[in-house]
Amino acid sequence: MSLMFAAALAGALFAGEAPDMHVDARGLNMARPGEALILAGRIRVASRDWCALHRAVLTPDSLGDPRVCEREMRRRAYVALPRPQRGDFVRAGGQTALNRP
């Protein structure tokens with residue numbers, strides 16, 4: 001899969017308040033379990049890092065709990081995957097890995 005995708009923040013964020021979260025998926029084949037797990041790990045790290053800087057913008061009512069922001073950013077990253085790769089990602093166990101606490 002040769003693409004760079006960004007979690008869409010439209011609707012929840014005002015333009016200019018926080019940058020999109022970017023996760024590099026270039027060279028990963030979502031149909032391969034090992035590579036789906038690599039992407040899940042990258043999304044988890046990117047979500048944690050993004051929320052450490054911008055949590056107040058996305059989840060102002062949950063500032064004391066970073067998990068709320070991180071969970072939402074992981075969900076948005078998953079939804080941002082193109083539909084065919086999203087299906088492969090799920091079948092290869094990526095979504096399960098992504099949703100682990």
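The values are calculated or read from the model by the stated rules, or taken from the named source; none is laboratory data. This structure is a prediction, so every number in the text was calculated from the model and none was measured. Cβ placement follows ideal geometry from the backbone for every residue including glycine, while neighbour counts extend to all protein chains displayed. Please note that ligands, DNA and RNA were not included when accessible areas were found on the heavy atoms of the full protein model with its side chains. Shrake-Rupley method; radii C 1.70, N 1.55, O 1.52, S 1.80 Å.
Name the single residue that is surrounded by the fewest Cβ atoms within 10 Å (Cβ to Cβ) among those in the range 40-72 being among the aliphatic types (A, V, I, L, M) and closer than 14 Å to Arg100 by Cα. Spell out the reasoning first.
Of all residues in the range 40-72, those among the aliphatic types (A, V, I, L, M) come to 40, 43, 45-46, 52-53, 56-58, 63, 68.
Retained after the next criterion (residues that are closer than 14 Å to Arg100 by Cα): 40, 43, 45, 68.
On the way: Ala40: 23, Ile43: 28, Val45: 11, Val68: 16.
Result: Val45.
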Within the range 73-84, the residues that are open to solvent by 50 Å² or more (accessible area, probe 1.4 Å) and either over 16 Å from Asn29 (Cα atoms) or of a type in the set (A, V, I, L, M, F, W, C) (or both) are Arg75, Val79
A careful count of residues in the range 23-34 that are surrounded by 14 or more Cβ atoms within 10 Å (Cβ to Cβ) and part of a strand (DSSP E or B) gives 1
Margin query: When you scan the range 57-72, do you find a residue that is in contact (Cβ under 8 Å) with a residue 24 or more places away in the chain, in a helix (DSSP H, G or I) and among the small types (Gly, Ala, Ser), even just one?
Written below: no
The residue that is surrounded by the most Cβ atoms within 10 Å (Cβ to Cβ), considering only those in the range 85-101 that are among the hydrophobic types (A, V, I, L, M, F, W, C) and either at positive phi or not in a loop (DSSP other than H, G, I, E, B) (or both), is Phe89
